[in-house]
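Worksheet for the structure shown next.
The values are calculated or read from the model by the stated rules, or taken from the named source; none is laboratory data. Note that the structure is a prediction, hence the values are computed from the model and not measured. Positions of Cβ are generated from backbone atoms using ideal geometry, with glycine treated the same way; all protein chains shown enter the neighbour counts. Surface areas here come from the heavy atoms of the whole protein model, side chains and all, with no ligands, DNA or RNA. Shrake-Rupley method; radii C 1.70, N 1.55, O 1.52, S 1.80 Å.
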Amino acid sequence: MRRALPLLAALLVTSAAQAQFTWRPPGELEAPGGTSTRPGAGRVDDLVYAPGMRFPIESAPAYANSQIYGHGGYRGPGGGQCDAENFGYPWHDNYCEERSWEMPMCPSGNGHQGQDIRAASCRDDHHWAVSTVDGTVTHIGSYSVYVTADDGRRYDFLHMRSVQVRVGDRVSRGQRVGKVSNNFGGTPTTVHLHFNIRMNVSGYGNVYAPTYMSLVRSYEELVGPPPFSAAYEDQTFPLASRPFELYPRQDVDGYIELLNTGAETWEPGATFLGTTEPRDGPSPLAAASWIAD
């Protein structure tokens, strides 16, 4: 039998662990009804446009996802904005999600200018938004605060209440600027922070740049390394992209080398490799030496 079998590995532990941060790829937007995603519908862009910035909400956890396709959104699966499904990982990109704004970096030329982020709960006027950089407050609107860094990048915070700064103030990285809210000048919306980065991008001019990967990296800094994580080093068997022959009842031994990039020590008898996509699903390659299939 000749089969192309993806050989993917994930780390797991025998005891339940706190949910660790996961995120879907940039450009993969949520679909109506909240039951699927649309890979490549947004801008597929891994570049971190604001390296070194601080995450714009003071405390974790926080959840980047869609306000219109999530629970409580007008194209969502029903329910309310406080439903638990809105407050869990993985994150989802929504830069370039369907909007009428002209957006030259989006595939359609129009779209969402930044990223919507829910704080730890849907409680209004409670969770602090903080400056992502050292900079100057250059604008305050009825529900918005703009902070411009010395390098010219502008960071926009929308749907704010309890604003703590004034135009012209110098602010430091991590300084409180206001609280996350649903303030939209009378237009209904959910409790969330809408966050933009506006900057000069080669070939486009001064535009709203993709925010997603800058948020991913700054959130990783905020929450610290996950308990269990691994980086691929080497393996003896063919890569997943290359089919190989495995005949009925044939055994092939393989070796994989991984680097521990998490915060927990790997312990013999307590930390194991497991299948993924789906997580811990039964493998057609399971052997008698495996602790489970």
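When the residues of the range 82-134 are filtered to those that are polar (S, T, N, Q) and in contact with a strand residue (DSSP E or B) (Cβ under 8 Å, 6 or more places away or on another chain), which remaining residue is most open to solvent (accessible area, probe 1.4 Å)?
S100
Yes or no, residue by residue, for (1) out of contact with any His (no Cβ under 6 Å at 6 or more places or on another chain); (2) open to solvent by 100 Å² or more (accessible area, probe 1.4 Å); (3) modelled with pLDDT of 85 or more:
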position: R249; (1), (2), (3): yes, yes, no
position: V252; (1), (2), (3): yes, no, no
position: L259; (1), (2), (3): yes, no, yes
position: T265; (1), (2), (3): yes, no, yes
position: G281; (1), (2), (3): yes, no, yes
position: A287; (1), (2), (3): yes, no, no
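For the range 185-200, enumerate the residues that are at pLDDT below 95, open to solvent by 70 Å² or more (accessible area, probe 1.4 Å) and more than 15 Å from G73 (Cα to Cα).
Matches in the range 185-200: G186 only.
Quick grid of which residues meet (1) under 16 Å from C122 (Cβ atoms); (2) at pLDDT below 95; (3) outside any loop (DSSP other than H, G, I, E, B); (4) in contact with a helix residue (DSSP H, G or I) (Cβ under 7 Å, 6 or more places away or on another chain):
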| residue | (1), (2), (3), (4) |
| --- | --- |
| S59 | yes, no, no, no |
| S66 | yes, no, no, no |
| G76 | yes, yes, no, yes |
| Q81 | yes, no, no, no |
| D93 | no, no, no, yes |
| E97 | no, no, no, no |
| M105 | no, no, no, no |
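Go over the candidates G224, G203, G178 one by one and state the one that is of a type outside the set (V, I, T), modelled with pLDDT of 95 or more and farther than 27 Å from Y74 by Cβ.
G203
Being modelled with pLDDT of 95 or more, surrounded by fewer than 19 Cβ atoms within 10 Å (Cβ to Cβ) and not aromatic (F, W, Y) narrows it down to one residue among V13, V48; which is it?
V48
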